[in-house]
Amino acid sequence: MSEIFIDYYRDVEFNEVNKKADGDMLLFQYGIYDWEGEQYFQINFTRQFYEVYEDGHQIYQLEVTFYYLSDDLSDVLSFNKWSSECFDLDEFQDVIVKSVGFEKAINKISIRKEVGIDLIVPCRFNSP
């Protein structure tokens with residue numbers, strides 16, 4: 001699943017963003033979270049990008065989340081890593097597949113999957 005996510009990042013470029021200025025990044029994260037009174041172990045892949053306009057910018061997050069029963073994953077500590085924290089995407093992929101949570105969850109069947117896109121922060125630049 002991580003290969004598909006990273007390949008999508010490599011293959012699909014957005015003209016309105018600047019990757020070198022962290023305008024297009026990947027986030028890998030997992031942990032146990034409580035939603036509506038039930039705890040689930042979640043693995044999340046997020047692509048975050050900034051669209052910059054003359055008077056401001058908007059931040060979008062395209063997310064894929066896998067939910068697992070937390071019973072046998074309760075000892076796994078939360079973790080997150082941005083692609084910009086790694087030397088390149090190969091190192092980022094290596095961090096993902098060697099992480100404790102990914103290694104423990106990869107052979108389990110997720111009970112739910114969600115895909116979504118969110119507008120995180122609409123922001124306007126102040127004029128002098």
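The values are calculated or read from the model by the stated rules, or taken from the named source; none is laboratory data. Bear in mind the structure is a predicted one, so any value in this text is a computation, not a measurement. So basically every Cβ, Gly included, is an ideal-geometry build from the backbone, and we count neighbours across all protein chains shown.
Across region 81-119, what is the total count of residues that are in a helix (DSSP H, G or I) and free of Cβ contacts under 8 Å to residues at least 60 places away in the same chain?
Taking region 81-119 as the starting set, the residues that turn out to be in a helix (DSSP H, G or I) are 83-85, 89-98, 100-105.
Subset that is free of Cβ contacts under 8 Å to residues at least 60 places away in the same chain: 85, 90-91, 94, 98, 100, 103-104.
Total meeting the criteria: 8.
Just so you know, in region 81-113 the residues that are among the β-branched types (Val, Ile, Thr) and over 15 Å from Phe5 (Cβ atoms) include one that is modelled with the highest pLDDT, and it is Val100.
Scanning region 29-80 for residues that are part of a loop (DSSP other than H, G, I, E, B) and at pLDDT 85 or above yields Ser70, Ser74, Asp75, Val76, Leu77, Ser78. Residue pairs whose Cβ atoms lie under 9 Å apart, sitting 6 or more positions apart in sequence or on different chains, and linking a residue in region 34-59 that is surrounded by fewer than 11 Cβ atoms within 10 Å (Cβ to Cβ) to a partner that is among the basic types (Lys, Arg) and part of a strand (DSSP E or B), are Asp55/Arg124. State whether one or more residues within region 87-97 are among the aromatic types (Phe, Trp, Tyr) and either under 16 Å from Tyr9 (Cβ atoms) or surrounded by fewer than 16 Cβ atoms within 10 Å (Cβ to Cβ) (or both). Checking region 87-97: at least one residue is among the aromatic types (Phe, Trp, Tyr) and either under 16 Å from Tyr9 (Cβ atoms) or surrounded by fewer than 16 Cβ atoms within 10 Å (Cβ to Cβ) (or both).
So, in region 11-28, exactly how many residues are under 24 Å from Ser99 (Cβ atoms), more than 15 Å from the chain's Cα centre (by Cα) and either modelled with pLDDT of 85 or more or of a type in the set (A, V, I, L, M) (or both)?
Here is the first cut: in region 11-28, the residues under 24 Å from Ser99 (Cβ atoms) are 11, 19, 22, 24-28.
Then drop every residue that is not more than 15 Å from the chain's Cα centre (by Cα), which leaves 11, 19.
Those still in the list that are either modelled with pLDDT of 85 or more or of a type in the set (A, V, I, L, M) (or both) too: 11.
Looking only at that region, the number is 1.
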